[in-house]
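Structure first, commentary second.
The values are calculated or read from the model by the stated rules, or taken from the named source; none is laboratory data. All figures in this text were calculated on a predicted structure; none of them were measured in a lab. Positions of Cβ are backbone-derived with ideal geometry, glycine not excepted, and every protein chain shown enters the neighbour counts.
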Amino acid sequence: MDRTTIFFMAQLAEQAQRYDEMASYCKQLIVDCPSPLHDGEFDLLTIAYKNLVGPRRSAWRIVVAIQEHRAITHPARIADLKTYRELIENELTNTCIELLSLLESHVLPGALTSEEKVAVLKTQGDYCRYLAELDLLYPERTKSWAAKSATYYESARGIADVELHPTCPTRLGLALNQAVFQYEICQSIPTARSTAQRAFDDALAELDGLSDGTYKIATLILQLLRGNMDLWTEPAAPSSFLTKLVSLVEATPDHIIGWSQDGSKIVVQAVTPLEKEILPIFYGHHSFTSFARQLRVYGFTKSKLYGLPCNETMNAKRGFGYIFSHPLVHRDRLQDLHRVRRTTMDDSDVGELRAAVDGLEAECIERALASDTPLYTRRDYGFVPFFPKELGGWSEGASSGDETATLDAVDMDILDLILTTNLDRSSLVFLAQLAEQAERYDEMADYMKTVVTTDPTPLDLEERNLLAVAYKNVIGSRRAAWRVLQAIETHRKSERVEHVQKYRLKIEGELQATCDEMLEMLTKQLLPSASSPEDSVFYLKTQGDYYRYLAEFQSQELGATDKALACYGQATDIATSKLHSTNPLRLGLALNFAVFYCEIMKLPDRACQLAKQAFDDAIADMDSLTEESFRDAAMILQIIRDNLTLWTSEEDDDQHP
């Protein structure tokens with residue numbers, strides 16, 4: 001492929017959120033086309049690697065937090081946890097060193113302007129900082145990565161302070177990330193505050209007269225600098241968010257949210273009433289996602305609480321709640337609440353910046369899909385990506401020696417084997433739970449597949465949920481990518497359409513393999529082991545779901561549609577005769593069966609009929625339910641009603657064009 005084609009494929013991978021492939025294309029572009037990168041190419045490179053490293057950093061922090069909380073005491077589980085952490089550390093190390101090497105050998109020599117040099121130096125400073133984060137866990141290690149990071153940041157600052165305007169986003173982003181390094185790695189609050197304050201004051205004095213685009217970006221970064229400076233001053237009292245949190249937990253019934261028995265954790269058992277009834281009173285919004293994200297900002301660790309009723313809906317509601325824990329937050333030690341501090345923000349992990357550009361990104365994608373011109377470029381549309389060059393970093397590259405040599409692939413294979421070979425069932429389930437916490441769903445699916453295929457014992461409720469969640473997320477990301485590429489292919493008419501088609505077919509192959517894998521387990525192991533009507537309905541419904549996913553892209557002649565119809569029909573026969581009309585599993589089946597009729601069979605009338613029948617049957621029996629069962633059923637009934645409203649409105653539109 002030529003340079004423009006590789007660049008195009010990297011953009012496609014970004015649209016599909018397949019960042020491993022995006023990074024591979026960017027690496028190919030750099031190595032095979034050895035001319036200086038232009039702005040858009042460097043943007044793609046930094047976005048790709050930020051999205052490779054970001055989830056691994058998050059996963060590593062989660063695993064380390066679990067270790068440090070010492071809630072796990074079984075020796076075998078402790079060993080599994082350590083091995084899993086080392087696997088993530090090795091991935092992080094290899095990814096960071098790969099980018100550092102590319103920057104040193106190919107990108108930095110081609111940096112022509114002062115801003116480009118600062119951006120590259122800062123990027124290498126950032127990635128050395130990520131490696132220095134790992135070193136903090138090992139007191140015996142030398143702090144060489146921290147020293148290199150400091151050198152790169154200082155080199156970048158030496159250029160930026162002399163040659164870039166104080167409001168230049170590249171200069172401000174450098175100050176932001178260097179201050180984070182000084183605070184988190186060097187643990188020097190005065191130095192971090194001084195760096196941030198100086199950049200803030202210098203830029204503030206020069207804001208007048210800036211263009212709208214530069215002003216917006218500069219003020220966003222200034223907000224982050226100011227937020228960090230506020231954070232890096234020890235508060236005299238707990239934040240209003242935490243004060244409200246304690247009041248919320250104390251005032252709300254335990255079946256919605258409350259303290260754990262020992263008082264060390266906050267337990268959420270019912271998300272829906274928390275969103276609809278409680279959060280608006282205390283925080284003025286209805287979003288549990290925002291609530292959980294804010295807790296994370298304050299350093300809380302989120303984990304799953306299993307054993308709650310399983311809600312089988314189109315959105316894969318699971319039978320679990322959530323547990324939030326923080327080493328400084330305890331029901332009996334609320335006087336320590338003032339010590340809980342927000343986590344530091346930098347340009348690669350900040351909600352404010354992401355929220356500010358989300359709308360712009362959606363607009364750019366919409367324009368690209370409606371246009372015959374090449375895929376959007378950030379410069380043309382004024383779009384600032386999540387990890388823009390303006391906030392990117394640069395470095396002089398890693399020196400030679402053992403510290404910069406990537407780990408042998410054999411080492412990684414050995415670690416993988418350790419985590420999948422000769423492990424007992426409890427270890428595999430534990431690792432699947434750990435992978436879910438770390439949002440590493442491909443590994444989660446591998447662990448649960450091993451459980452299913454190597455142990456004939458039927459899955460219990462928790463194991464069944466783990467299997468369903470793992471494959472739902474594995475297939476979900478690929479379905480989303482396929483839809484993006486299909487939309488691009490449908491709306492675009494260009495000479496590159498064959499590349500879009502080829503990429504779409506590749507994803508279809510992955511979808512086929514994943515569906516076949518699940519369907520084989522259902523046929524050979526899971527359905528034969530079903531010992532109750534609930535088990536049979538669950539597995540038949542799942543079988544119908546995965547045939548439905550195949551039918552989304554396969555031709556009807558291949559039979560996936562007919563097989564999905566048969567599986568849903570069998571499940572419905574059992575559910576209507578054996579399960580109560582308000583049973584969440586029966587309602588979830590009706591929901592997905594109706595979606596199948598509408599989206600695959602293109603029979604909205606039949607979809608509405610099926611959904612309305614399930615809705616009416618359940619409503620008639622709701623009065624006899626307990627409060628907990630009522631909530632479970634009501635959640636799915638709401639989704640069914642929403643779909644009915646949507647489908648009937650579409651029918652009206654068709655009848656009255």
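Sort out which residues of segment 217-272 are of a type in the set (Gly, Ala, Ser) and touching a residue at least 12 places away in the same chain (Cβ under 8 Å), and write them in order of number.
Hits for segment 217-272 are 218, 227, 236, 237, 239, 247, 260, 263, 264, 270.
Restricting attention to segment 265-296, the residues that are outside any helix (DSSP H, G or I) and among the β-branched types (Val, Ile, Thr) total 3. Of the helices (runs of 4 or more DSSP H) that lie entirely inside segment 514-623, those containing 3 or more residues that are at pLDDT 95 or above, at negative phi and touching a Cys at 6+ places or on another chain (Cβ under 7 Å) span 533-551.
Scanning segment 138-159 for residues that are over 18 Å from residue 191 (Cα atoms) and part of a helix (DSSP H, G or I), which turns out farthest from the chain's Cα centre (by Cα)?
Narrowing segment 138-159 to residues over 18 Å from residue 191 (Cα atoms): 138-145, 159.
Applying the additional criterion that residues be part of a helix (DSSP H, G or I) yields 144-145, 159.
Working: 144: 31, 145: 27, 159: 35 Å.
Only one residue tops the list, namely 159.
Is it the case that residue 599 is farther than 17 Å from residue 644 by Cβ and assigned by the TED database to the domain that holds residue 470? Here the answer is no, as residue 599 does not meet what is asked. If the condition is being modelled with pLDDT under 90 and among the small types (Gly, Ala, Ser), then segment 1-41 contributes 35, 40. From (1) modelled with pLDDT under 95; (2) over 30 Å from residue 162 (Cβ atoms); (3) among the β-branched types (Val, Ile, Thr), pick out the condition that doesn't hold for residue 93. So the condition that residue 93 fails would be (1).
Please go through segment 31-64 and pick out each residue that is closer than 18 Å to residue 11 by Cα, part of a helix (DSSP H, G or I), of a type in the set (A, V, I, L, M, F, W, C) and in contact (Cβ under 8 Å) with a residue 60 or more places away in the chain. Answer for segment 31-64, where residues must be closer than 18 Å to residue 11 by Cα, part of a helix (DSSP H, G or I), of a type in the set (A, V, I, L, M, F, W, C) and in contact (Cβ under 8 Å) with a residue 60 or more places away in the chain: 31, 42, 45, 47.
The residues on offer are 59, 79, and the sole one that is out of contact with any Ser or Thr (no Cβ under 8 Å at 6 or more places or on another chain), buried (at least 20 other Cβ atoms within 10 Å of the Cβ) and not charged (D, E, K, R) is 59. Of the helices (runs of 4 or more DSSP H) entirely within segment 163-246, none holds at least 3 residues that are at positive phi.
Flag: residue 585 matches the condition of being in contact with an Asp or Glu (Cβ under 7 Å, 6 or more places away or on another chain) and surrounded by 19 or more Cβ atoms within 10 Å (Cβ to Cβ).
So that you can scan it fast, the table gives a plain yes or no per residue for (1) closer than 23 Å to residue 64 by Cα; (2) modelled with pLDDT of 80 or more; (3) touching a strand residue (DSSP E or B) at 6+ places or on another chain (Cβ under 7 Å); (4) surrounded by fewer than 17 Cβ atoms within 10 Å (Cβ to Cβ):
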| residue | (1), (2), (3), (4) |
| --- | --- |
| 287 | no, yes, no, yes |
| 294 | yes, yes, no, no |
| 315 | no, no, no, yes |
| 320 | yes, no, yes, no |
| 323 | yes, yes, yes, no |
| 336 | yes, no, no, yes |
| 340 | yes, yes, no, no |
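Restricting attention to segment 1-56, the residues that are touching a Leu at 6+ places or on another chain (Cβ under 9 Å), surrounded by fewer than 16 Cβ atoms within 10 Å (Cβ to Cβ) and either within 27 Å of residue 474 (Cβ to Cβ) or among the β-branched types (Val, Ile, Thr) (or both) add up to 2.
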